[in-house]
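Trainee: Please find one structure pasted underneath; my questions will follow.
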Amino acid sequence: MTASSAPESKSAAEALAVVEEPQTLFEIVRRWPPRQWLKVVVYSLLLVNFVQYVVNDITVMRHAVHDGWRWIDWTSAFATTMDESAWFVLLLLFELETYLLSDEAFTHARVRLMQAVRIVCYLFLAHTVYAFSDVTWKLYADFEQVDAPLCGLVDQELSFARNLNYTELDQENCTSLASGSTFYLFEQRQLVTDPRGFQIERELAWADLVEVLVWLIIVLLLELMVRLQDRGIAEGRVLRSARSGAFILYGVLWSIAAYWAYRGHWIFTWDEALWILGFAAIGMNLDEWRDELRTARESNSELERSDDGVQGA
């Protein structure tokens, strides 16, 4: 060994030691790019909102429950909770597939498990579509118009509903809640509201139904993009159409969020914005993945041209 080569060997050994030294969780997190921090913040805020939705479902259930409730009535009452749970798991699956897991991590058993979990999530979402469709349909087909003052309905143990606010009807508040002599009974005759309140109930029901359908289409487009890129496809008409379609549908969701803000439901608007940001992060993962596919394809093309040149020489 010469004198000049000794320092180089020492530096190489030190570098190897640094590479092999295990990293702590703090060190890994500290080196995260800003996008990862943004995702952590968005996902954490979504979890907080999830708790709020559970509380909201319990509140609505307390005003609508009665002895004749069936199993489907109970699950429909907690449709939003089930819906949010399924979306959380799907978001995690997309994050695993598009960013967190390496290709080597996708063993046959793990892929089968992820597929099974994904099917369960879609079953939950199918239940949400059914529940929201059922609520919307009943607001047009299963209600009763009552031509009487509100105070005349006190003995029926009803709750007055207006823009998702619920108040147990009694003699003390019946005159202050609403005037007029035309009211509507709905939700299996457990809730009552005036004509304006009934119109708002229908609008909100349509907003819920359209929102979940739009989200389902978006997630199916994401599934399509993941499967295409998993096959090494980074370009093409189908991929461009899927990206454009998702972009347009996000615009529809922003419109629904604006409607909720108009109705004063800021928590719904905030939650919608967070979910859009959460799935936009998945879109950024897909963009980065596409860039890697393009780079790999260009490298392979250059290598093939080099090999052709060597063979020609």
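The values are calculated or read from the model by the stated rules, or taken from the named source; none is laboratory data. Model, not experiment: these values are computed from the prediction. Counting neighbours? That spans all protein chains shown, and the Cβs are built from the backbone with ideal geometry, glycine included.
Trainee: Report every pair of residues separated by at least 6 positions or lying on different chains whose Cβ atoms are under 8 Å apart, first residue within the stretch 221-241 and closer than 14 Å to GLY283 by Cα, second in a helix (DSSP H, G or I) and hydroxyl-bearing (Ser, Thr, Tyr).
Mentor: Pairs found: VAL226/THR98.
Trainee: As an exercise: evaluate ILE217 against (1) in contact with a Gly (Cβ under 9 Å, 6 or more places away or on another chain); (2) under 25 Å from VAL42 (Cβ atoms); (3) in contact (Cβ under 8 Å) with a residue 40 or more places away in the chain; (4) surrounded by fewer than 18 Cβ atoms within 10 Å (Cβ to Cβ) and give the number of the one condition it does not meet.
Mentor: (3)
Trainee: Which residue out of ARG290, ARG240 is surrounded by fewer than 17 Cβ atoms within 10 Å (Cβ to Cβ), over 17 Å from the mean Cα position of the chain (by Cα) and either modelled with pLDDT of 90 or more or of a type in the set (D, E, K, R) (or both)?
Mentor: Of ARG290, ARG240, the one residue that is surrounded by fewer than 17 Cβ atoms within 10 Å (Cβ to Cβ), over 17 Å from the mean Cα position of the chain (by Cα) and either modelled with pLDDT of 90 or more or of a type in the set (D, E, K, R) (or both) is ARG240.
Trainee: In addition: Every residue in the stretch 107-124 that is among the charged types (D, E, K, R) and either at pLDDT 90 or above or outside any helix (DSSP H, G or I) (or both), please. It would help to see each step written out before you state the result.
Mentor: Start the filter on the stretch 107-124 by keeping residues that are among the charged types (D, E, K, R), which leaves 110, 112, 118.
If the condition is that a residue be among the charged types (D, E, K, R) and either at pLDDT 90 or above or outside any helix (DSSP H, G or I) (or both), then ARG112, ARG118 are the ones that fit.
Trainee: Going through VAL154, VAL135 one at a time, which residue ends up being under 25 Å from ASP73 (Cβ atoms), touching a Cys at 6+ places or on another chain (Cβ under 7 Å) and either acidic (Asp, Glu) or modelled with pLDDT under 95 (or both)?
Mentor: Only one candidate qualifies: VAL154.
Trainee: Tell me, which strands (runs of 3 or more DSSP E) wholly within the stretch 125-206 include 3 or more residues that are farther than 26 Å from TYR262 by Cβ?
Mentor: Ranges flagged: 144-147.
Trainee: I'd like the residue in the stretch 131-142 that is touching a residue at least 12 places away in the same chain (Cβ under 8 Å) and aromatic (Phe, Trp, Tyr) and, out of all such residues, is surrounded by the fewest Cβ atoms within 10 Å (Cβ to Cβ).
Mentor: TYR140
Trainee: Could you please let me know if ALA281 is touching a helix residue (DSSP H, G or I) at 6+ places or on another chain (Cβ under 9 Å), on the phi < 0 side of the Ramachandran plot and modelled with pLDDT of 90 or more?
Mentor: Spelling it out, it is not the case that ALA281 is touching a helix residue (DSSP H, G or I) at 6+ places or on another chain (Cβ under 9 Å), on the phi < 0 side of the Ramachandran plot and modelled with pLDDT of 90 or more.
Trainee: Then there is this: In this structure, is GLN199 free of Cβ contacts under 8 Å to residues at least 40 places away in the same chain, within 24 Å of THR269 (Cβ to Cβ) and loosely packed, with under 14 Cβ neighbours inside 10 Å?
Mentor: In short, yes.
Trainee: Another question about this same structure. Mind listing just one residue for me: the one in the stretch 147-173 that is among the hydrophobic types (A, V, I, L, M, F, W, C) and within 39 Å of the chain's Cα centre (by Cα) and, of those, surrounded by the fewest Cβ atoms within 10 Å (Cβ to Cβ)?
Mentor: Once the filter is applied, the top-ranked residue is LEU164.
Trainee: Taking THR128, is it within 30 Å of GLN199 (Cβ to Cβ), surrounded by 12 or more Cβ atoms within 10 Å (Cβ to Cβ) and over 19 Å from the mean Cα position of the chain (by Cα)?
Mentor: Considered against the rule, which asks whether it is within 30 Å of GLN199 (Cβ to Cβ), surrounded by 12 or more Cβ atoms within 10 Å (Cβ to Cβ) and over 19 Å from the mean Cα position of the chain (by Cα), THR128 comes out as no.
Trainee: Pull up the stretch 175-196, narrow it to residues that are surrounded by fewer than 19 Cβ atoms within 10 Å (Cβ to Cβ) and charged (D, E, K, R), then point me to the one that is nearest to TYR130 (Cα to Cα).
Mentor: Top of the filtered list is ARG189.
Trainee: Which of the residues belonging to the stretch 243-256 are under 15 Å from the mean Cα position of the chain (by Cα) and aliphatic (A, V, I, L, M)?
Mentor: Within the stretch 243-256, ALA246, LEU249, VAL252, LEU253, ILE256 qualify.
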